[in-house]
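Taking it in order: structure first as structure tokens, then the write-up.
What follows is calculated from the coordinates using simple rules that are stated; it is not laboratory data. Keep in mind the model is a prediction, meaning the values are calculated, not measured. Every residue, glycine among them, receives a Cβ derived from its backbone with ideal geometry; neighbour counts consider all protein chains shown.
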Amino acid sequence: MTLGGGPDPPRLDAAPVEAAIADLAPLFEGAPRFLARLVAQRPFGTWDRLFERARRIAHAMPEPDQVELLDAHPRLGAPRGTVSAMSAREQGHDRADPTAAGSVAGVAGSDDVASTLARLNDAYEARFGFRYCVFVAGRPLAALVPAFEAALGADRDAELHRALDAVVDIARARHEFGRPRDEATA
């Protein structure tokens with residue numbers, strides 16, 4: 001079962017193509033070319049197999065399709081109301097101050113964090129040509145700034161590989177979050 005009560009893998013395997021794409025889209029923020037490739041690789045049988053195939057497909061796609069997959073995700077620190085419900089929860093829009101993190105060198109309050117993230121997003125996208133994707137996992141946005149800054153010095157191919165892995169890790173976490181308690185621990 002996925003968030004929103006989507007089908008388990010056997011039902012997903014048997015679903016019409018468009019229905020399977022629609023069920024998987026929230027996990028991957030859309031990305032139609034990626035989702036078409038993923039659904040074409042059915043049957044999955046298990047969630048582990050689905051995510052293994054997703055990772056393999058993400059890395060094997062032509063670069064324009066990889067960029068589409070990355071750019072389907074919102075910018076880190078995107079404003080409330082501009083992101084999907086899942087991204088909003090992950091980025092802490094349900095908290096009073098999603099940027100708060102205690103002490104992060106050079107980053108103080110939420111206005112400073114927001115402007116820092118905007119600057120980093122601009123620099124990253126200009127340097128690499130795709131969005132910075134990272135597994136937020138409910139961490140305060142300010143806590144993510146050091147790794148974001150470090151990513152700007154990375155090799156482009158290594159950064160593309162890291163970001164594609166992050167997208168699959170995000171999708172897996174979204175699925176895990178949406179599973180009933182007994183299924184999640186089984």
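Between E125 and D155, full extension at 0.36 nm per residue minus the direct alpha carbon distance yields a gain of 9.4 nm. Taking a label point 7 Å from the Cα of A137 along the Cα→Cβ vector, which residues of the range 144-176 have an amide N closer than 17 Å to it? Under cut-off, by backbone N: 144-148, 162-176. Taking Cβ atoms as reference points and 10 Å as the exclusive limit, the residues near G153 contribute a net charge of -2, counting Lys and Arg as +1 and Asp and Glu as -1. With θ taken as phi - 60° and the Karplus curve 6.51 cos²θ - 1.76 cosθ + 1.60 applied, the whole-hertz 3J(HN,Hα) list for the range 56-65 is 4, 4, 4, 7, 8, 5, x, 4, x, 6 Hz, x standing for glycine and proline. Can you bin the range 21-69 into rounded, prolate or oblate? Criterion: square roots of the alpha carbon gyration tensor eigenvalues sorted a ≥ b ≥ c, rounded for a/c under 1.5, prolate for a/b above b/c, oblate for the rest. Since a/c reaches 1.5 but b/c is at least a/b, the shape of the range 21-69 is classed as oblate.
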